[in-house]
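Have a look at the structure below, then the notes.
What follows is calculated from the coordinates using simple rules that are stated; it is not laboratory data. Please read all numbers here as calculations on a predicted model, not as lab measurements. Reconstructed Cβ throughout: ideal geometry from the backbone, glycine too, with neighbour counts over all protein chains shown.
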Amino acid sequence: MSGAEIFLTVAVALIALLLLALLVMQVVFARRLGSVLRPADRPVQVEHVFAPYQHADADTPEPYFGSVLRIELGDRPGACFQIRPNGSTWIGRDDSANDIIIASSSVSRRHGRIESDGDRYLIHDLGSTNGTYVNGQPVSSAILRHGDTVSIGNAVLRFLMIKPEDDKKH
């Protein structure tokens with residue numbers, strides 16, 4: 001075997017090892033992420049509500065019905081935040097400029113915005129450094145649907161639409 005053939009054999013073997021290592025890393029990450037992500041229909045406790053509903057005859061808040069983002073992977077897994085039913089909900093790192101704060105250096109100060117007219121929810125990336133992803137796809141704007149995953153920086157959130165009939169199941 002000549003020197004060139006030996007070099008080529010070693011290079012191919014190294015590339016094969018690198019590809020195998022990448023595959024193993026992908027499987028491990030998918031398993032970890034899968035164990036952290038929760039089903040879209042899991043009951044939620046809303047942490048940040050703009051306009052809580054109250055029973056007319058009691059001090060107990062009624063169950064929340066509307067849309068929320070639930071942190072699946074990030075600084076507060078399980079925390080749920082209401083999306084304004086009409087208007088804009090701001091998302092980012094800066095606690096003085098946003099409605100939903102994600103404390104991570106991978107999230108821009110004012111990372112994104114969700115616009116709602118009550119029936120439709122549209123997420124916009126605001127030129128963030130690390131982008132906004134819906135169901136793994138990079139977006140500048142996208143319509144959100146129940147169960148969609150939204151990645152902002154290294155945080156993974158799930159968009160949930162909670163209706164009165166959903167509460168009867170739990």
- Task: Can you tell me the relative contact order of region 69-112? Whole percent, Cα pairs under 8 Å, sequence separation 6 or more.
- Result: 30 percent
- Note on the structure: Once phi for every residue in region 93-100 is put through the Karplus expression 6.51 cos²θ - 1.76 cosθ + 1.60 (θ = phi - 60°), the whole-Hz ³J(HN,Hα) values, with Gly and Pro written as x, are 8, 7, 6, 8, 10, 9, 8, 10
- Using label points projected 7 Å from each Cα along Cα→Cβ, tell me how many nm separate Asp119 and Thr9, to one decimal. 6.9 nm
- Item | Contour minus Cα-Cα distance for Leu23 and Ser88 (0.36 nm per residue) | 19.4 nm
- Item | Ser105 paired with His146, simple spin-label distance in nm, labels 7 Å along Cα-to-beta-carbon | 4.0 nm
